[in-house]
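The values are calculated or read from the model by the stated rules, or taken from the named source; none is laboratory data. Given the structure is predicted, the values throughout are model-derived calculations rather than measurements. Positions of Cβ are generated from backbone atoms using ideal geometry, with glycine treated the same way; all protein chains shown enter the neighbour counts. Protein only, heavy atoms only, side chains kept; ligands, DNA and RNA dropped before computing areas. Shrake-Rupley method; radii C 1.70, N 1.55, O 1.52, S 1.80 Å.
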Amino acid sequence: MTTFFKKNIKQLINNLGYDIKLHRIGKSQQDQPGFVFIHIPKSGGISIDLAMREQFAKAGQPRFSREGAIEMSLATFNQKVNDLDSIAKFSDHHAKQLSGLLAYYLSQDWQYISGHVCSNKYLLEQYGQQKNFVTVLREPISRFISNYIYNKLTNPLPLMAPNNINSDNLIGEVDRILEHRRGWQMANVISMCITGRFAKDETDATYMQTEFLNNLEKFKVVGFLDDLNGFSEQVKTISKKEILIGNHNTTDSFLDEKKQEVKSTLQTYFNEPKIKQKIEHLCRFDTQNYLRAEDKYK
């Protein structure tokens, strides 16, 4: 019903010679510290964001555009992106730019900020008392697999790997990515979103673990995907508003037979013992961070 209504409203506005994009916002507003939702990819973020937006967002404060953020990063990346090496370099660059994007919107004093952005210790020190930073963590190995498959099915951008441009050698591509820095990056996304950068290597990843935990301490709510009721209750305690998190994961709804085959092939390969072991090894630092956060906040 809501989708039908939005479609007809937009069509009416288009017929008048205007274009609009509709976003959910709170029906009533309160004078209270705003919320900043750090959306870690494939951690239930779309459903959480919609629920938060219905309570806290104001008109003119939409979710960040992923495409716009990528274009912003490309504008300051003086190199072609045409192979795994350059893709990984761009991803390192893009992660740092996302903290700058968040800094801009924090300076605008929005009531609700959300998107695939990164916090860092400087932003948390500056805005941690003014804003309610919240996030939801997911077990890193399942998050990695979900993120990989989702990107392979839906990502049309050649500068992000994996993408859906070519599916001729799915297994070979997995093997190349797992052996490359790009695999390391995908395995350490949780740490990146909380610290603002990907670890350079194992030594750096160990060093960053303290920073990860210190940064989380400045969050008002640290939730977990397998306990979204707990997350909702904590947000309600802070805001006196109830958020109702539904299920808006619609990936399977648009998969044709070929994409279903891609998904099945990848799931089967990721379940092979040697590949599972490789992913576990890549994810070990994020897994340690996740377990420490679970011990403290769950």
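Express the relative contact order of the chain as a whole percentage, based on alpha carbon pairs under 8 Å and six or more residues apart in sequence. Relative contact order here is 24 percent.
For the chain, the Kirkwood estimate of the hydrodynamic radius, built from every pair of different alpha carbons, is 20.3 Å. Taking a straight Cα-Cα cut-off under 25 Å and skipping sequence neighbours fewer than 8 places away in the same chain, the lysines within cross-link reach of LYS80 are LYS89, LYS96, LYS152, LYS200.
Accessible surface of segment 177-298, 1.4 Å probe: 48 percent of it comes from carbon and sulfur atoms.
Near GLY223, the amide H atoms lying under 5 Å from its own belong to THR135, VAL136, LEU137; only residues 5 or more places off or on other chains count, and H is placed 1.01 Å from N. Phi-derived couplings, Karplus 6.51 cos²θ - 1.76 cosθ + 1.60 at θ = phi - 60°, listed residue by residue for segment 89-100: 5, 5, 5, 4, 5, 4, 4, 5, 5, 5, 5, x Hz, with x used for Gly and Pro. Solvent-accessible surface of the chain, averaged per residue with a 1.4 angstrom probe and all protein chains in place: 52 square angstrom.
Tell me the carbon and sulfur percent of the accessible area for segment 95-165, rounded to whole percent, probe radius 1.4 Å.
Numbers: 1260 of 2620 Å².
Ligands and nucleic acids excluded, carbon and sulfur give 48 percent.
Calculated [222 nm] ellipticity per residue, helices only, for the chain: -18000 deg cm²/dmol; basis is -39500 (n - 2.57) per DSSP H run with n ≥ 4, divided by all residues, nearest 500. Residue-wise HN-Hα couplings along segment 44-51, as the Karplus relation 6.51 cos²θ - 1.76 cosθ + 1.60 with θ = phi - 60° gives them from phi, are x, x, 4, 5, 5, 4, 4, 5 Hz; Gly and Pro carry x. So what is Rg over Rh here for segment 82-208, counting just Cα atoms and using Kirkwood for Rh? We get a ratio of 1.00 for segment 82-208.
Think of the chain as a dipole: +1 on every Lys or Arg Cβ, -1 on every Asp or Glu Cβ, centred on the Cα centre; then among SER142, PHE270, ASN215, ASN215 lies furthest on the positive end.
In terms of Cα atoms, the Rg and Dmax of segment 177-298 work out to 17.6, 48 Å.
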